[in-house]
Each structure stands twice: as structure tokens, then as C-alpha cells.
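Below: one structure, written as C-alpha cells.
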Amino acid sequence: MRISGYLISLFFLFNGYSTLSQDLVIHPDSVKGKFIPTGVRFGAEAINIVRTFTGDDLTELTFIADVDFYRYFLNVEFGVFERTRQNAIGQTYDISGTYFRVGPEVNFLKKDPEKNALFFGLRYGWTSLDDELRYSSPSSFYPTDENVISNSGLSASWFEMVTGLKVKIWKYLWLGYTARFKFGVDTFERNELIPHEIPGFGRADETVIWDFDYWLMFRIPIRKAPTVLFDE
């Protein structure tokens with residue numbers, strides 16, 4: 001009888017272990033290899049290209065690059081800006097500068113094998129600019145005096161919250177857009193000449209700006225994305 005009891009106990013113990021082992025899923029290391037970049041995407045802002053080549057008073061080109069780390073992207077943008085404005089009373093205003101934006105993005109389409117991105121991110125922006133105002137004023141000896149007020153080597157910084165979409169169209173060709181909420185910029189109210197606009201940000205008399213960019217991009221693959229059998 002004692003031996004029969006031992007056998008019955010072993011039977012139920014083995015049966016319980018088998019049931020438990022069927023419910024237990026052993027996940028492989030699903031993090032290993034995910035954060036190694038699989039490609040670099042680069043491109044330019046489309047509207048600025050059109051405005052630059054169709055207008056006479058504005059030159060602005062903005063370039064973008066990003067690299068993926070699993071569902072995260074490191075995004076870098078660089079731009080050049082030049083504009084000339086003239087009014088009816090003969091005043092001429094020139095401004096030129098460069099700007100730089102950098103920040104992370106998180107992709108909410110993390111399981112998309114094509115690396116399409118519906119993203120939210122942050123940016124830190126910085127610009128360096130020179131501007132000059134030329135105007136005429138009455139003179140006692142000549143019909144008019146030519147006057148110049150200028151700024152040289154001004155710099156400004158700001159922050160952005162961004163969201164948007166990046167979609168593969170064909171092979172290496174991508175299209176996308178970015179919506180930006182910009183804030184925290186210096187308005188230069190202490191300067192004798194207040195800049196009319198800040199390259200990369202917008203009008204200098206506004207501290208909060210909404211903006212949109214439309215991108216034409218190409219992606220260069222670095223390696224094939226790892227296959228994940230079990231995701232967390």
C-alpha cells in the first residue's frame with residue numbers, strides 16, 4: 001500500500017510538471033542586436049527647394065539625416081538661410097545664417113519590417129546669423145545720408161516638440177513630414193537692430209511657432225534587421 005501511494009504521488013507530480021512546462025514559454029534574448037543600426041536615411045526639405053529655385057529674395061535649404069536604434073531614431077538637421085527684403089521707402093534688409101537641430105524620436109510602428117515611422121520626438125535648435133538694415137535719412141549737406149545698422153555673429157537657441165510620418169515609397173525612396181511646435185527662443189529685444197526672423201525658427205517677434213516640413217529622403221541599408229521570434 002505504501003508503494004502504491006508513492007507511485008500515485010509521482011504520477012500527479014509528473015503530470016503537474018508536464019502541464020507547467022507546456023504553459024512556460026522561454027523567450028530568447030530579444031534585445032540582443034536590436035539597438036545596432038540597420039540603415040541611415042538622409043534627404044532634404046521639399047518646399048524650401050521649390051521656394052529657393054522659384055524666388056529671387058530667398059535661399060533656404062534644409063538637410064536631414066537619421067539613424068535607427070530599434071524603435072528609436074537619432075535625427076540631425078542642418079540648414080542655410082539667406083533673404084533680402086525691400087520696402088516702398090527704400091529700406092533694404094539682408095539676413096543670412098545657418099542652423100542646426102538635433103534630437104531623438106520614438107517610432108510607434110516598431111514591428112514594421114520596412115522601418116516606416118509614425119514618430120514623436122524632441123529637438124534642440126541652434127542658429128548663427130548676421131543681418132543688416134540699410135536706409136536713407138535727410139541730410140544737411142547732401143540730399144540723403146545712407147545709414148547702416150547691423151548685427152554680426154548673433155546666436156539663438158530653442159526647443160521643439162515634433163511629430164510626423166516617414167514612409168517608404170519605392171526601394172530606397174522615402175517621403176515624410178514633420179509638424180513642429182517651437183518655443184523658448186531669444187527675441188533680441190535688447191538689440192538696436194532686432195532681427196526680422198531667426199533662421200530655422202521663424203519670425204523673431206514670436207516666441208511660440210507651429211511649423212511643417214515635407215521631406216524627400218533616401219535610405220541606405222547598413223545591415224539586415226534581426227529576426228525576432230518572440231517579442232516582449
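Just the Cα atoms of the stretch 80-232: what Rg and Dmax do they give in Å?
My reading of the Cα-based Rg and Dmax gives 22.1, 86 Å.
Apply the Karplus parameterisation 6.51 cos²θ - 1.76 cosθ + 1.60, with θ equal to phi minus 60°, to every residue of the stretch 206-212 and state each ³J(HN,Hα) to the nearest whole Hz, in sequence, with x for glycine and proline.
In residue order, the calculated couplings are 10, 9, 10, 9, 9, 8, 9 Hz.
Please give every one of the aspartates and glutamates within straight-line cross-link reach of K168, meaning a C-alpha to C-alpha distance under 15 Å, and leave out same-chain neighbours fewer than 8 residues apart.
Here the aspartates and glutamates satisfying the reach criterion relative to K168 are D66, D68, D112, E114.
Calculate, in nm to one decimal, what E206 and F108 gain on full extension: separation in residues at 0.36 nm each, minus their alpha carbon distance.
32.1 nm
Return the long-range amide H neighbours of D68 (sequence gap of 5 or more, or a different chain), with a cut-off of under 5 Å between placed amide H atoms.
Amide H to amide H, under 5 Å and 5 or more residues apart or across chains, D68 pairs with T38, G39.
Only residues of the stretch 71-99 count here: report those whose backbone N is under 19 Å from the spot 7 Å along Cα→Cβ of L61, or say none.
Only 76-84, 95-99 pass the distance filter.
Once phi is turned into ³J(HN,Hα) by the Karplus curve 6.51 cos²θ - 1.76 cosθ + 1.60 with θ = phi - 60°, what whole-Hz value does each residue of the stretch 190-204 show in order, with x for glycine and proline?
Karplus values, whole Hz, x for Gly and Pro: 7, 7, 4, 10, 8, x, 6, 8, 10, x, x, 10, x, 4, 7.
What's the exposure ranking of M217, M161, going from fewest to most Cβ atoms within 10 Å?
Going from sparsest to densest Cβ surroundings: M161, M217.
If you line up the Cα atoms of the stretch 85-156 on their principal axes, what length do they span on each, largest first, in Å?
75, 25, 14
Would you grab the residues whose amide H sits under 5 Å from the one on R203? Only those 5+ places off in sequence or on another chain, please, with H modelled 1.01 Å from N.
Excluding prolines and chain starts, which carry no amide H, the hits are I198.
Please rank T54, T38, fewest neighbouring Cβ atoms within 10 Å first, as an exposure proxy.
In increasing order of surrounding Cβ atoms, one gets T54, T38.
Read-outs throughout are calculated quantities, based only on the coordinates presented, and are distinct from any laboratory measurement. All figures in this text were calculated on a predicted structure; none of them were measured in a lab. Using ideal geometry, Cβ is built from the backbone for each residue, glycine included, and neighbour counts are taken over all protein chains shown.
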